[in-house]
Amino acid sequence: MKSKDSTESVEMTLQTLLKILDHSSDEIFVLDGEKRILYVNQACERHYGLKPTDVIGKYNVDLFEKGYWKPSIVPEVFKRKKPCYIKQQTYIGAELMTSAIPILNDEGEIELVVTTSTEIQTYKMLKANETDDELKTTQDEDEMGRFITNSGKINRILTFCEKVAPTDSTILIQGESGTGKGVLAQFIHRISKRKNKPFLTINCAAIPEELLESELFGYSKGAFTGANKTGKRGLIESADGGTVFLDEIGEIPLSLQAKLLQVIQDKQFIPIGSSEMKKVDIRIVAATNQNLIEMVNDKKFREDLFYRLNVIDIQLPPLRERKEDIIPLTYNFLNKFNERYHESKVISEECLNILIQYSWPGNVRQLENLIERLVLISDSVILMADLPEMITENVEQVTQIALPTSLDKALDETKRILIRKSYQTYKSSRKVAKDLCISQTKASTLIREYCEDLMNK
Ligand SMILES: Nc1ncnc2c1ncn2[C@@H]1O[C@H](COP(=O)(O)OP(=O)(O)OP(=O)(O)O)[C@@H](O)[C@H]1O
């Protein structure tokens, strides 16, 4: 009797087995002999910001070429047909120790490769002799210009940046606050031929008007009372050969705009108090969350400067218009703050669902700040209850799709959420149709079906 009980207790269904694999802290990744991905467990989401369903069935090389991880262990294991070990870095910031074990068939050909990846951070946290400073420097260097995204829109922008980065054209990045304009500027610098020269940033809104000129252009000795006796190089001169990122360019006073125009047009300027013209070789990337055209119309921004800055214009969409980025960014920040605070917090699926639904008025910066706070205040698993009310009160109740019981139900729920959100914003079937790229007839039918309670509000 006793032995039957114990046999029963170890009997496992496929579902139980999959559940066990999904709860492994390590990533398990299985390839077939054609290097196609047969299986990956949930850890995949933590490491690459991709759901297992986005990965299974794809060829390994296709994901590798998109840059989700580097380097690849697969060519080596297929070549050697022996277990291989490697250190990898994923594009959302996880560092992995990966082993790949080949399983051979009777002919000695590779039938399967089972790859297991462990986060190195777990070991780093145990290494008491490693100083915080050491950790931070390597991390900060790695992070510079890494633009985390899973969005088609952003990927098109990054491809465009790859085309324009090698030129010296001035670039204007427009987008709401916190969308990543600064990160994009660094990305452009990092892939340009100026990458080994300085990348210097100045926030035109953060420096008082009277100091901005000397910060940008510097001054000669004795230029004004209180000035440094030896004079001072400005940011533009210090960045010679590199890139100057002028953040919040809309705030630059009219009085300085002509001088900036001269730098862009003629690559030269005169420091305060000097009579000597200085030559510089810089590329300017500017950013703003203001409507510069309106400012030009209101005579607050010089038209000639606007056209000079706007040679290449990039519009960075807000986070609510690229919700596919929420998961990879969340895991990226989770990795970053877990490492910074020596924690190993994980996030629950219901919590992730709420983050996806929220509209993020403060964009990526708001998400980053929230994840930092959650890493500090939550227990080992970040739960919905840890989220601030401001977020939970402003999302649709979607917990029921966290674990959908069927594909139809999940699709129906997604449709309901999208249509209600769009209708609440636009209140017209024509605009909803445009917003969701469907016909107006279809929009009207869906509004009647899902938004009855909102129609007379
Ligand atoms: N795609 C991204 N990948 C990783 N981090 C990002 C990304 N986008 C933004 N961030 C992070 O979000 C924060 C805000 O980004 P950033 O300062 O570049 O935004 P911004 O649009 O320049 O904001 P502002 O207009 O207020 O200056 C930064 O800490 C940045 O590291």
Q | Members of the stretch 62-81 that are modelled with pLDDT under 90, surrounded by fewer than 17 Cβ atoms within 10 Å (Cβ to Cβ) and touching a strand residue (DSSP E or B) at 6+ places or on another chain (Cβ under 9 Å) | A | 70
Q) Are any residues in the stretch 148-183 away from the ligand (no atom under 14 Å from the Cβ), touching a Lys or Arg at 6+ places or on another chain (Cβ under 7 Å) and open to solvent by 20 Å² or more (accessible area, probe 1.4 Å), and if so, which ones? A) 166, 168
Q: Considering each residue of the stretch 365-417, count those that are open to solvent by less than 40 Å² (accessible area, probe 1.4 Å), modelled with pLDDT under 85 and either outside any loop (DSSP other than H, G, I, E, B) or acidic (Asp, Glu) (or both), and give that number.
A: 5
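Select from the stretch 277-296 the residues that are more than 23 Å from residue 167 (Cβ to Cβ), out of contact with any strand residue (DSSP E or B) (no Cβ under 7 Å at 6 or more places or on another chain) and either touching a residue at least 12 places away in the same chain (Cβ under 8 Å) or within 15 Å of the ligand (Cβ to nearest atom) (or both) and list them in ascending order.
Step one: filter the stretch 277-296 for residues more than 23 Å from residue 167 (Cβ to Cβ), giving 277-278, 289-291, 293-296.
If we keep only those that are out of contact with any strand residue (DSSP E or B) (no Cβ under 7 Å at 6 or more places or on another chain) as well, we get 289-291, 293-296.
Correct list: 289, 290, 291, 293, 295.
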**Q.** Selection within the stretch 52-96 - in contact with a helix residue (DSSP H, G or I) (Cβ under 7 Å, 6 or more places away or on another chain) and either β-branched (Val, Ile, Thr) or free of Cβ contacts under 8 Å to residues at least 24 places away in the same chain (or both)
**A.** 52, 55, 68, 72, 74, 84, 90, 92
Q) Is there any pair with a first residue in the stretch 144-162 that is under 14 Å from residue 329 (Cβ atoms) and at pLDDT 90 or above and a second that is open to solvent by 20 Å² or more (accessible area, probe 1.4 Å) and near the ligand (Cβ under 10 Å from one of its atoms) whose Cβ atoms are under 7 Å apart and which are 6 or more apart or on different chains, and what are they? A) 148/91
(Q) Here's a check for you: in the stretch 187-202, which residue that is within 14 Å of the ligand (Cβ to nearest atom) and open to solvent by less than 50 Å² (accessible area, probe 1.4 Å) is modelled with the lowest pLDDT? (A) 202
Q: Looking at (1) open to solvent by less than 10 Å² (accessible area, probe 1.4 Å); (2) closer than 19 Å to residue 68 by Cβ, find the lone condition where residue 332 falls short.
A: (1)
**Q.** Unmet criterion (only one of (1) within 16 Å of the ligand (Cβ to nearest atom); (2) at pLDDT 90 or above; (3) of a type outside the set (Asp, Glu); (4) not in a helix (DSSP H, G or I)) for residue 299
**A.** (1)
Q. Counting only residues that are touching a residue at least 40 places away in the same chain (Cβ under 8 Å), within 15 Å of the ligand (Cβ to nearest atom) and among the aliphatic types (A, V, I, L, M), how many does the stretch 354-372 have?
A. 3
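The values are calculated or read from the model by the stated rules, or taken from the named source; none is laboratory data. Keep in mind that this is a model prediction, so the values were computed, not measured. Note that we place each Cβ from the backbone using ideal geometry, even for glycine, and neighbour counts take in every protein chain shown. In case anyone asks, the SASA skips ligands and DNA or RNA and just uses the protein heavy atoms, side chains included. Shrake-Rupley method; radii C 1.70, N 1.55, O 1.52, S 1.80 Å.
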